[in-house]
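**Q** Have a look at this one.
Each reported figure results from applying straightforward, stated rules to the coordinates on display, with no laboratory input. All figures in this text were calculated on a predicted structure; none of them were measured in a lab. Please note: Cβ atoms are built from the backbone with ideal geometry, for glycine as well, and neighbour counts cover all protein chains shown.
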Ligand SMILES: CC(C)(COP(=O)(O)OP(=O)(O)OC[C@H]1O[C@@H](n2cnc3c(N)ncnc32)[C@H](O)[C@@H]1OP(=O)(O)O)[C@@H](O)C(=O)NCCC(=O)NCCS
């Protein structure tokens, strides 16, 4: 019934039409081809990183599965090292005919990723992943409030927010410093070499994924401990009206690099006049985050730390993930993985 194959560059228009009609009207990939190409076009192979299911009779696309290999942002990384699944959609009338499964199997059979992962898995897809024996979980959401603000506009707290101002350990030898592309290329090699958790990223990945993003502006900081660089932090400022939030979207280095940084985060919040700093992640040591001054948002703690800014929505968002890492293999998942930190509005 269906021809299942990887999308060629010439399938671009049909793909965009499918996204517009069956995924979301005026999705950013429909209004901004530059972003679609940046995230999914594999120029070397002349194809889009999408598996498509074409109904043979009508020659129309009935289902798509987008994926983002780690190699999209560093060609030195093998394509099969890791793939994040992105849009996975079968037209309503074609559901339940195994097309979704065929798309996924085709991705696994052709790209043969060592690791397959997804960030922001839908409630519907979680049982499908579990049935395949893949691990699923929920990202923890950590935050630090700006202690100098008492009248917050972005967040909701029961009180002035002071009850969430914690006292992490301060290490006076540690500081964060802005990093340029050259700093990342020349001064952070040890942090990348020490990566134990999957996926293992590279300086080029960080530069292409973040510093050369076509729309978003990211700021990268190095964590300096005396004369040594012990970690790399990627941030992006989100704003709504006159209010701002600093989002940590990626982190390279052992989680212990984070401890003792509370004073640095507080200064950053004050300097950028931001209400909060937040960090969605899985796989980063909770104690190290606590001793960095973070609080973990918990169900029922009465605080709302927004995630969506395009458009802004004053609500908590839970982000579920899937990874098929073998048992015993540690992994780290952050908000910058897959397409979770992607522009949604132009
Ligand atoms: C998820 C989706 C792509 C699956 O496509 P599909 O063609 O309907 O699914 P299939 O018929 O191939 O079924 C795939 C497997 O999931 C199971 N499945 C299908 N729908 C299910 C549901 N609602 N709950 C639990 N399992 C389900 C099937 O039994 C099948 O299992 P099997 O491989 O062991 O036989 C499709 O339902 C869809 O477009 N959903 C909306 C968008 C979405 O949630 N996408 C996922 C995250 S972006």
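**Q** Bin width 10 Å, origin at 0, all Cα-Cα pairs of region 139-328: what percent of pairs per bin?
**A** The calculated distribution, bin by bin, is 9, 36, 38, 16, 1.
**Q** Report the paramagnetic label zone for residue 45: residues of region 92-108 whose backbone N is under 15 Å from a point 7 Å from Cα along the Cα-to-Cβ axis.
**A** Residues 104-108 fall inside that zone.
**Q** For the chain, taking Cα atoms only, what is the radius of gyration to one decimal and the Dmax to the nearest whole Å?
**A** Radius of gyration, then largest Cα-Cα span, for the chain: 20.7, 69 Å.
**Q** For a test of the definition: using alpha carbon positions, the gyration tensor, and the 1.5 limit on a/c, classify region 2-113 as rounded, prolate or oblate.
**A** Since a/c reaches 1.5 but b/c is at least a/b, the shape of region 2-113 is classed as oblate.
**Q** Only Cα pairs under 8 Å and at least 6 apart count here; give the relative contact order of region 139-328 as a rounded whole percent.
**A** Contact order relative to length: 32 percent.
**Q** Follow-up question, since we're still on this one. Residue 169 to residue 330: extension gain in nm, 0.36 nm per residue of separation minus the Cα-Cα distance?
**A** Fully extending the segment from residue 169 to residue 330 adds 55.3 nm.
**Q** Helix-only mean residue ellipticity at 222 nm, the chain, DSSP H runs n ≥ 4 weighted -39,500 (n - 2.57), per residue, nearest 500. What is it?
**A** Only helices count here, giving -5000 deg cm²/dmol.
**Q** Show me the ranking of peptides 279-289, 190-200 by mean Cβ neighbours inside 10 Å, starting with the highest.
**A** 279-289, 190-200
**Q** Using the Kirkwood radius over Cα pairs, work out the Stokes-Einstein diffusion coefficient for region 84-228 at 4 °C and 1.567 mPa s, in µm²/s as a whole number.
**A** 64
**Q** Shifting gears a bit: Is the shape of region 207-285 rounded, prolate or oblate, going by the alpha carbon gyration tensor and its root eigenvalues a ≥ b ≥ c, with a/c under 1.5 for rounded and a/b larger than b/c for prolate?
**A** The shape class here is oblate.
**Q** Taking the Cα centroid of region 132-197 and of region 282-346, what is the distance between the two, rounded to the nearest whole Å?
**A** The distance from the Cα centre of region 132-197 to that of region 282-346 comes to 11 Å.
**Q** With axes computed from alpha carbons, what is the tilt in degrees of helix 99-110 against the longest principal axis of the chain, rounded to the nearest 10 within 0 to 90?
**A** The two axes meet at around 80 degrees.
**Q** By how many degrees, 0 to 90 and rounded to 10, does the Cα axis of helix 262-271 deviate from the longest principal axis of the chain?
**A** Approximately 80 degrees, to the nearest 10.
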